[in-house]
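Working notes, beginning with the structure itself.
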Amino acid sequence: MTHVRRLAPPDAVLFDLDGTLIDSRADIAAACNFALAMRDRPPLAGDVIRGYVGDGARILLARAFAVPPESPELEEPLAAFHEYYREHPVVHTTLLPGARESLDASHGKKRILATNKPRATTLLVLEGLGLLGDFDAIRGGGDGPLKPHPFMLLSALEEVNVAPARAWMVGDGPQDVGAGKAAACAATIGVLEGFVPPARLYAANPDIVLKSLSELPALLTAPA
């Protein structure tokens, strides 16, 4: 755990989803490869698709198809991706180590989910994993600009009546760190055991880097 400064306990904790709380790589890869197959494209390896995750479904498929995000070619595969994923939200998806403990350790604070995953799929995943009741506010793709834009964070914090200066943003990607900084959160906390190569996470300059989400409960309960 790399500490940059001592932190006051937060009133709210904002969590990313994919690569932070859950390992959803196999289900995302299956949906992506389903979309590729409908255009007679060969499947991609799961590790390749993992590197495309984080900026929303359209960007993921743009990378998989090697076309610009605004390409009309994506419309039909994108619809197929969403339909397939909604029908298979948690076939292989599991909680990452430390996820349950981190949610429990943040009990009593406002817990917010801020993910670029489409909202409808997000709710199905949370329901399938028994996590819907763990959050005071949820923001997903389709609710507004995606991370690293701060909109998701700021609107959710406003909903739970917590100032950004009293909130931590926890995630595995530069999108999470960027959104937390743009929202002026008290701290941005990067998690290494996610989908993003460590160099990309470090380059985003989070305030604290955790080797695993399993380290977050101790950070939440540490004296300021």
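The values are calculated or read from the model by the stated rules, or taken from the named source; none is laboratory data. Model, not experiment: these values are computed from the prediction. Glycine also receives a Cβ, built like all others from the backbone with ideal geometry; neighbour counts cover every protein chain displayed.
Annotations
- For region 97-115, the criterion of being buried (at least 17 other Cβ atoms within 10 Å of the Cβ) and touching a Lys or Arg at 6+ places or on another chain (Cβ under 6 Å) is satisfied by at least one residue.
- Residue in region 11-25 that is in contact (Cβ under 8 Å) with a residue 40 or more places away in the chain, outside any helix (DSSP H, G or I), in contact with a strand residue (DSSP E or B) (Cβ under 8 Å, 6 or more places away or on another chain) and over 20 Å from Pro174 (Cβ atoms) present: yes
- Restricting region 171-215 to residues that are among the acidic types (Asp, Glu) and either outside any helix (DSSP H, G or I) or assigned by TED's automatic domain parsing to the domain that holds Tyr52 (or both), the residue that is farthest from Gly54 (Cα to Cα) is Asp207.
- Subset of region 28-60 that is of a type in the set (Val, Ile, Thr) and out of contact with any Phe, Trp or Tyr (no Cβ under 9 Å at 6 or more places or on another chain) - its residue that is surrounded by the fewest Cβ atoms within 10 Å (Cβ to Cβ): Val48
- Check on Leu60, out of contact with any Gly (no Cβ under 7 Å at 6 or more places or on another chain) and not in a strand (DSSP E or B): yes
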